Amino acid sequence: MAASSQMKKRVKRQTSEGTSSSSSVASPSSIRPKPLACRVYIGRIGSPYCAFIALALLFVLCATWNDTTSEGHVPQFYSFDIVNEFPHDPEAFTQGLLYGGNDTLFESTGLYGRSSVRKVDLLSGKVKLSYKMDESLFGEGLTLLGDRLFQVTWLTNIGFTYDQHNLSKMGKFVHPMKDGWGLATDGNVIFGSDGSSKLYQLDPVTWKVIKKMTVSYRDQEIPLLNELEYISGEVWANVWQTDCIARISHDSGNVHGWILLHQLRQNLLDSGHKGIDVLNGIAWDEQNKRLFVTGKLWPKLYEIQVRPLSSPVSGNINELCPIRVNI
(Lines give C-alpha, C1' and ligand atoms only; values in the text may rest on other atoms or scores of the structure.)
Protein backbone atom coordinates (compact mmCIF):
# COMPACT_ATOMS: atom_id res chain seq x y z
CA MET A 1 0.00 0.00 0.00
CA ALA A 2 2.03 2.99 1.22
CA ALA A 3 5.25 1.27 0.21
CA SER A 4 3.90 0.45 -3.24
CA SER A 5 6.14 0.25 -6.28
CA GLN A 6 4.46 3.39 -7.58
CA MET A 7 5.58 5.33 -4.55
CA LYS A 8 9.11 3.94 -4.83
CA LYS A 9 9.17 5.16 -8.41
CA ARG A 10 8.06 8.56 -7.16
CA VAL A 11 10.99 8.64 -4.72
CA LYS A 12 13.46 7.77 -7.43
CA ARG A 13 11.96 10.39 -9.71
CA GLN A 14 12.31 13.09 -7.08
CA THR A 15 15.94 12.42 -6.27
CA SER A 16 16.96 12.60 -9.90
CA GLU A 17 15.25 15.88 -10.78
CA GLY A 18 17.00 19.18 -11.35
CA THR A 19 15.58 22.63 -10.77
CA SER A 20 16.20 24.69 -13.89
CA SER A 21 14.74 28.17 -14.11
CA SER A 22 14.35 30.77 -16.80
CA SER A 23 12.14 33.07 -14.73
CA SER A 24 12.87 35.33 -11.82
CA VAL A 25 13.73 33.47 -8.64
CA ALA A 26 13.39 35.03 -5.22
CA SER A 27 16.67 34.87 -3.31
CA PRO A 28 16.56 33.32 0.17
CA SER A 29 16.09 35.72 3.06
CA SER A 30 19.28 36.89 4.69
CA ILE A 31 19.98 37.28 8.37
CA ARG A 32 20.04 40.91 9.45
CA PRO A 33 22.87 42.20 11.63
CA LYS A 34 22.04 42.52 15.29
CA PRO A 35 20.78 45.92 16.41
CA LEU A 36 22.97 48.13 18.51
CA ALA A 37 20.90 47.34 21.61
CA CYS A 38 22.16 43.77 21.44
CA ARG A 39 25.68 44.98 21.97
CA VAL A 40 25.15 47.06 25.10
CA TYR A 41 27.43 46.56 28.08
CA ILE A 42 25.27 44.89 30.71
CA GLY A 43 27.82 45.58 33.44
CA ARG A 44 26.80 49.24 33.48
CA ILE A 45 23.36 48.33 34.94
CA GLY A 46 23.30 48.78 38.71
CA SER A 47 22.12 45.65 40.56
CA PRO A 48 22.83 42.06 39.56
CA TYR A 49 19.07 41.40 39.51
CA CYS A 50 18.44 44.21 37.04
CA ALA A 51 21.36 43.03 34.95
CA PHE A 52 19.88 39.54 34.79
CA ILE A 53 16.46 40.84 33.71
CA ALA A 54 18.01 43.12 31.11
CA LEU A 55 20.16 40.31 29.75
CA ALA A 56 17.13 38.03 29.41
CA LEU A 57 15.15 40.72 27.60
CA LEU A 58 18.02 41.47 25.27
CA PHE A 59 18.46 37.77 24.53
CA VAL A 60 14.83 37.54 23.45
CA LEU A 61 15.17 40.72 21.39
CA CYS A 62 18.27 39.51 19.62
CA ALA A 63 16.86 36.05 18.96
CA THR A 64 13.71 37.56 17.53
CA TRP A 65 15.70 39.95 15.36
CA ASN A 66 17.83 37.12 14.00
CA ASP A 67 14.75 35.08 13.07
CA THR A 68 13.02 37.92 11.23
CA THR A 69 12.89 37.48 7.47
CA SER A 70 13.76 40.19 5.00
CA GLU A 71 10.02 40.98 4.80
CA GLY A 72 9.79 41.71 8.51
CA HIS A 73 7.97 38.50 9.44
CA VAL A 74 9.02 36.40 12.42
CA PRO A 75 8.71 32.71 11.50
CA GLN A 76 6.40 30.94 13.93
CA PHE A 77 5.56 27.37 14.79
CA TYR A 78 1.99 26.25 15.25
CA SER A 79 0.20 23.35 16.83
CA PHE A 80 -3.50 22.62 16.40
CA ASP A 81 -6.79 21.80 18.05
CA ILE A 82 -9.24 19.37 16.46
CA VAL A 83 -12.60 21.05 15.89
CA ASN A 84 -14.34 18.20 14.04
CA GLU A 85 -13.62 14.76 12.61
CA PHE A 86 -15.29 13.51 9.43
CA PRO A 87 -15.23 10.16 7.62
CA HIS A 88 -12.83 9.89 4.69
CA ASP A 89 -12.52 7.12 2.13
CA PRO A 90 -9.57 4.99 3.35
CA GLU A 91 -8.97 3.88 -0.25
CA ALA A 92 -8.49 7.47 -1.45
CA PHE A 93 -4.84 8.20 -2.20
CA THR A 94 -5.38 11.94 -1.70
CA GLN A 95 -3.33 14.16 -3.99
CA GLY A 96 -5.42 17.33 -4.22
CA LEU A 97 -8.14 18.67 -1.93
CA LEU A 98 -10.27 21.81 -1.90
CA TYR A 99 -13.49 23.12 -0.40
CA GLY A 100 -16.28 23.71 -2.92
CA GLY A 101 -18.95 25.28 -0.70
CA ASN A 102 -22.12 23.86 0.86
CA ASP A 103 -20.22 21.22 2.85
CA THR A 104 -18.75 19.78 -0.35
CA LEU A 105 -15.15 18.88 -1.09
CA PHE A 106 -13.41 18.23 -4.39
CA GLU A 107 -10.64 15.65 -4.29
CA SER A 108 -8.06 14.30 -6.72
CA THR A 109 -6.75 10.80 -6.00
CA GLY A 110 -3.66 9.06 -7.31
CA LEU A 111 -2.15 5.64 -8.09
CA TYR A 112 -2.27 4.05 -11.51
CA GLY A 113 -5.60 2.42 -12.17
CA ARG A 114 -7.18 4.18 -9.18
CA SER A 115 -6.83 7.86 -10.02
CA SER A 116 -9.98 9.98 -10.02
CA VAL A 117 -11.56 13.38 -9.52
CA ARG A 118 -14.33 13.35 -6.94
CA LYS A 119 -17.07 15.45 -5.44
CA VAL A 120 -17.38 14.43 -1.79
CA ASP A 121 -19.92 15.15 0.93
CA LEU A 122 -17.99 16.61 3.86
CA LEU A 123 -20.24 15.34 6.66
CA SER A 124 -20.58 11.72 5.52
CA GLY A 125 -17.42 11.31 3.47
CA LYS A 126 -19.50 9.73 0.69
CA VAL A 127 -18.50 10.26 -2.92
CA LYS A 128 -21.32 12.12 -4.67
CA LEU A 129 -19.75 12.21 -8.14
CA SER A 130 -16.60 10.66 -9.56
CA TYR A 131 -14.62 10.75 -12.79
CA LYS A 132 -12.29 7.77 -13.20
CA MET A 133 -9.11 8.63 -15.01
CA ASP A 134 -7.36 6.54 -17.64
CA GLU A 135 -5.27 3.79 -16.05
CA SER A 136 -2.11 5.23 -17.60
CA LEU A 137 -2.50 8.46 -15.59
CA PHE A 138 -1.57 9.23 -11.98
CA GLY A 139 -3.75 12.03 -10.61
CA GLU A 140 -2.13 14.85 -8.66
CA GLY A 141 -2.98 18.41 -7.52
CA LEU A 142 -6.38 20.02 -8.02
CA THR A 143 -7.77 23.55 -7.85
CA LEU A 144 -10.98 25.39 -8.76
CA LEU A 145 -11.10 28.63 -10.73
CA GLY A 146 -14.47 29.90 -11.91
CA ASP A 147 -16.56 26.85 -12.66
CA ARG A 148 -13.63 24.73 -13.81
CA LEU A 149 -11.51 22.25 -11.91
CA PHE A 150 -7.87 22.08 -12.98
CA GLN A 151 -5.85 18.93 -12.32
CA VAL A 152 -2.24 18.00 -13.01
CA THR A 153 -0.74 14.52 -13.36
CA TRP A 154 2.43 12.93 -12.02
CA LEU A 155 5.49 12.53 -14.25
CA THR A 156 3.92 14.57 -17.05
CA ASN A 157 3.36 18.21 -17.94
CA ILE A 158 -0.23 17.51 -19.01
CA GLY A 159 -3.29 18.57 -17.04
CA PHE A 160 -7.04 18.36 -17.44
CA THR A 161 -10.06 20.59 -16.85
CA TYR A 162 -13.45 19.45 -15.56
CA ASP A 163 -16.86 20.97 -15.11
CA GLN A 164 -17.28 21.42 -11.35
CA HIS A 165 -21.01 20.63 -11.54
CA ASN A 166 -20.91 17.23 -13.21
CA LEU A 167 -17.16 16.44 -13.39
CA SER A 168 -17.29 15.98 -17.15
CA LYS A 169 -13.89 16.43 -18.78
CA MET A 170 -13.75 19.74 -20.65
CA GLY A 171 -10.25 19.65 -22.10
CA LYS A 172 -6.56 19.42 -21.36
CA PHE A 173 -3.64 21.80 -21.06
CA VAL A 174 0.15 21.70 -21.07
CA HIS A 175 2.01 23.43 -18.25
CA PRO A 176 5.70 24.39 -18.00
CA MET A 177 6.45 22.54 -14.74
CA LYS A 178 8.69 19.49 -15.03
CA ASP A 179 6.16 17.45 -13.13
CA GLY A 180 2.69 17.91 -11.69
CA TRP A 181 2.34 17.81 -7.88
CA GLY A 182 0.21 20.59 -6.35
CA LEU A 183 -2.14 23.34 -7.51
CA ALA A 184 -3.88 26.28 -5.80
CA THR A 185 -5.26 29.68 -6.83
CA ASP A 186 -5.91 33.13 -5.41
CA GLY A 187 -8.62 33.67 -8.02
CA ASN A 188 -6.28 35.32 -10.50
CA VAL A 189 -3.18 33.18 -10.93
CA ILE A 190 -2.56 29.49 -10.37
CA PHE A 191 0.19 28.38 -8.02
CA GLY A 192 1.93 25.13 -8.84
CA SER A 193 4.51 22.78 -7.36
CA ASP A 194 6.56 20.06 -9.04
CA GLY A 195 8.08 18.28 -6.04
CA SER A 196 11.14 20.53 -5.96
CA SER A 197 11.65 23.72 -3.92
CA LYS A 198 10.11 25.83 -6.70
CA LEU A 199 6.78 27.59 -6.38
CA TYR A 200 5.28 28.64 -9.72
CA GLN A 201 2.80 31.38 -10.54
CA LEU A 202 1.03 30.44 -13.77
CA ASP A 203 -1.36 32.19 -16.11
CA PRO A 204 -4.59 30.14 -16.04
CA VAL A 205 -5.28 30.83 -19.73
CA THR A 206 -1.89 30.47 -21.42
CA TRP A 207 -0.21 28.44 -18.64
CA LYS A 208 2.94 30.49 -19.09
CA VAL A 209 5.12 31.19 -16.06
CA ILE A 210 4.38 34.58 -14.53
CA LYS A 211 6.89 34.09 -11.75
CA LYS A 212 8.95 31.28 -10.26
CA MET A 213 10.57 31.44 -6.87
CA THR A 214 12.61 29.26 -4.56
CA VAL A 215 10.91 28.40 -1.27
CA SER A 216 13.33 28.76 1.61
CA TYR A 217 13.52 28.93 5.40
CA ARG A 218 16.55 30.40 7.16
CA ASP A 219 18.57 30.26 3.95
CA GLN A 220 17.65 26.58 3.48
CA GLU A 221 15.73 25.53 0.39
CA ILE A 222 12.59 23.54 1.18
CA PRO A 223 12.10 20.78 -1.42
CA LEU A 224 9.31 18.22 -1.89
CA LEU A 225 6.54 20.82 -2.01
CA ASN A 226 3.37 18.85 -2.61
CA GLU A 227 -0.33 19.69 -2.21
CA LEU A 228 -1.05 23.44 -2.09
CA GLU A 229 -3.75 25.75 -0.76
CA TYR A 230 -4.03 29.55 -0.92
CA ILE A 231 -5.06 30.93 2.49
CA SER A 232 -5.29 34.60 3.46
CA GLY A 233 -2.44 35.80 1.28
CA GLU A 234 -0.16 32.81 1.84
CA VAL A 235 0.44 29.57 -0.01
CA TRP A 236 0.28 26.61 2.36
CA ALA A 237 2.12 23.48 1.24
CA ASN A 238 2.35 19.93 2.44
CA VAL A 239 6.00 18.93 2.47
CA TRP A 240 6.08 15.34 1.23
CA GLN A 241 7.14 12.66 3.71
CA THR A 242 6.70 15.02 6.67
CA ASP A 243 3.82 15.82 9.04
CA CYS A 244 4.31 19.54 8.48
CA ILE A 245 2.70 22.32 6.47
CA ALA A 246 4.82 25.28 5.34
CA ARG A 247 3.21 28.73 5.26
CA ILE A 248 4.85 30.47 2.31
CA SER A 249 4.90 34.08 1.13
CA HIS A 250 3.47 34.07 -2.39
CA ASP A 251 5.62 37.12 -3.18
CA SER A 252 9.07 35.96 -2.10
CA GLY A 253 8.92 32.24 -1.35
CA ASN A 254 10.03 32.78 2.25
CA VAL A 255 8.48 30.41 4.78
CA HIS A 256 6.67 32.48 7.43
CA GLY A 257 5.60 29.60 9.63
CA TRP A 258 5.33 25.86 10.16
CA ILE A 259 2.25 23.91 11.28
CA LEU A 260 3.24 20.73 13.11
CA LEU A 261 0.64 17.98 12.65
CA HIS A 262 2.57 14.93 13.84
CA GLN A 263 -0.08 13.99 16.38
CA LEU A 264 -2.81 13.50 13.76
CA ARG A 265 -1.03 10.64 12.03
CA GLN A 266 0.20 9.22 15.33
CA ASN A 267 -3.36 9.11 16.67
CA LEU A 268 -4.46 7.09 13.64
CA LEU A 269 -1.54 4.69 14.02
CA ASP A 270 -2.29 4.26 17.73
CA SER A 271 -5.91 3.49 16.82
CA GLY A 272 -4.82 0.58 14.66
CA HIS A 273 -4.86 2.24 11.23
CA LYS A 274 -1.53 0.84 10.10
CA GLY A 275 -2.24 1.16 6.39
CA ILE A 276 -2.19 4.94 6.23
CA ASP A 277 0.30 6.90 4.16
CA VAL A 278 1.59 10.46 4.54
CA LEU A 279 -0.22 13.66 5.47
CA ASN A 280 -1.48 15.28 2.26
CA GLY A 281 -4.51 17.44 1.60
CA ILE A 282 -5.38 21.00 2.68
CA ALA A 283 -8.77 22.62 2.09
CA TRP A 284 -9.86 26.11 3.18
CA ASP A 285 -13.44 27.30 3.62
CA GLU A 286 -12.91 31.02 3.08
CA GLN A 287 -16.44 32.05 4.01
CA ASN A 288 -16.58 30.24 7.35
CA LYS A 289 -12.83 30.27 8.04
CA ARG A 290 -12.62 26.51 8.38
CA LEU A 291 -9.43 24.53 7.73
CA PHE A 292 -9.52 20.86 6.72
CA VAL A 293 -6.63 18.40 6.45
CA THR A 294 -6.27 14.71 5.67
CA GLY A 295 -3.77 12.24 4.27
CA LYS A 296 -3.31 9.50 1.71
CA LEU A 297 -5.37 6.45 2.64
CA TRP A 298 -6.58 8.14 5.83
CA PRO A 299 -9.97 7.05 7.19
CA LYS A 300 -10.60 10.50 8.63
CA LEU A 301 -10.60 14.12 7.54
CA TYR A 302 -10.09 16.75 10.23
CA GLU A 303 -11.26 20.28 10.74
CA ILE A 304 -8.54 21.92 12.80
CA GLN A 305 -7.74 25.31 14.26
CA VAL A 306 -4.09 26.28 14.36
CA ARG A 307 -2.54 28.08 17.31
CA PRO A 308 0.98 29.33 18.03
CA LEU A 309 3.04 26.92 20.09
CA SER A 310 3.21 28.04 23.71
CA SER A 311 6.33 26.02 24.53
CA PRO A 312 9.74 26.93 23.07
CA VAL A 313 10.90 25.14 19.93
CA SER A 314 14.39 24.93 18.53
CA GLY A 315 13.46 26.37 15.16
CA ASN A 316 15.59 23.70 13.48
CA ILE A 317 13.27 22.44 10.79
CA ASN A 318 15.47 19.42 10.13
CA GLU A 319 14.72 18.24 13.66
CA LEU A 320 11.04 19.19 13.75
CA CYS A 321 10.12 18.13 10.22
CA PRO A 322 12.90 15.97 8.77
CA ILE A 323 12.94 16.55 5.02
CA ARG A 324 14.33 13.39 3.45
CA VAL A 325 16.11 14.98 0.52
CA ASN A 326 18.47 12.03 0.07
CA ILE A 327 15.91 9.21 -0.14
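The values are calculated or read from the model by the stated rules, or taken from the named source; none is laboratory data. Computed from a predicted structure; not experimentally measured. Heads up, the Cβs are rebuilt from the backbone with ideal geometry, glycines too, and the neighbour counts pull from every protein chain shown.
Annotations for the structure displayed:
- Screening residue 150 with (1) at pLDDT below 95; (2) in a strand (DSSP E or B); (3) not hydroxyl-bearing (Ser, Thr, Tyr) gives one miss only, at (1).
- Every condition in (1) in a strand (DSSP E or B); (2) surrounded by fewer than 23 Cβ atoms within 10 Å (Cβ to Cβ) holds for residue 155 except the one numbered (1).
- Criterion (of a type in the set (Ser, Thr, Tyr) and more than 17 Å from residue 178 (Cα to Cα)) met by exactly one of 242, 214, 206: 242
- Within the stretch 223-242, considering residues that are assigned to a loop (DSSP other than H, G, I, E, B) and in contact with a Gly (Cβ under 9 Å, 6 or more places away or on another chain), the one farthest from residue 279 (Cα to Cα): 223
- Checked across the stretch 200-222, the condition of being surrounded by 18 or more Cβ atoms within 10 Å (Cβ to Cβ), more than 15 Å from residue 143 (Cα to Cα), among the basic types (Lys, Arg) and touching a Leu at 6+ places or on another chain (Cβ under 9 Å) holds for at least one residue.
- Tally, over the stretch 94-134, of residues that are in contact (Cβ under 8 Å) with a residue 40 or more places away in the chain, more than 17 Å from residue 163 (Cα to Cα) and charged (D, E, K, R): 0
- Candidate set: the stretch 170-180, residues that are modelled with pLDDT of 95 or more and surrounded by 11 or more Cβ atoms within 10 Å (Cβ to Cβ); chosen: the one farthest from residue 198 (Cα to Cα): 170
- Residue within the stretch 294-305 that is hydrophobic (A, V, I, L, M, F, W, C), without any contact (Cβ under 8 Å) to a residue 60 or more places away in the chain, surrounded by 13 or more Cβ atoms within 10 Å (Cβ to Cβ) and in contact with an Asp or Glu (Cβ under 9 Å, 6 or more places away or on another chain) present: no
- Residue count, the stretch 296-327 (criterion: among the hydrophobic types (A, V, I, L, M, F, W, C) and at pLDDT 85 or above): 9
- Hits in the stretch 211-253 (condition: among the hydroxyl-bearing types (Ser, Thr, Tyr) and touching a residue at least 40 places away in the same chain (Cβ under 8 Å)): 214, 216, 217, 230, 242, 249, 252
- Screening the stretch 19-137 for strands (runs of 3 or more DSSP E) wholly inside it with 3 or more residues that are modelled with pLDDT of 50 or more and surrounded by 18 or more Cβ atoms within 10 Å (Cβ to Cβ) returns the ranges 76-87, 94-101, 104-109, 116-121.
- Of the residues examined, residue 286 is not one that is within 16 Å of residue 78 (Cα to Cα), surrounded by fewer than 19 Cβ atoms within 10 Å (Cβ to Cβ) and acidic (Asp, Glu).
- So residue 256, is it more than 16 Å from residue 141 (Cβ to Cβ), over 17 Å from the mean Cα position of the chain (by Cα) and either aromatic (Phe, Trp, Tyr) or surrounded by fewer than 22 Cβ atoms within 10 Å (Cβ to Cβ) (or both): no
- Members of the stretch 138-147 found to be buried (at least 23 other Cβ atoms within 10 Å of the Cβ) and either part of a loop (DSSP other than H, G, I, E, B) or of a type outside the set (S, T, N, Q) (or both), listed by number: 138, 139, 140, 141, 142
- Qualifying positions in the stretch 178-222 - farther than 21 Å from residue 106 by Cα, of a type in the set (Phe, Trp, Tyr) and in a loop (DSSP other than H, G, I, E, B): 207
- The lone exception for residue 143 - which of (1) more than 17 Å from the chain's Cα centre (by Cα); (2) over 20 Å from residue 241 (Cα atoms) it fails: (1)
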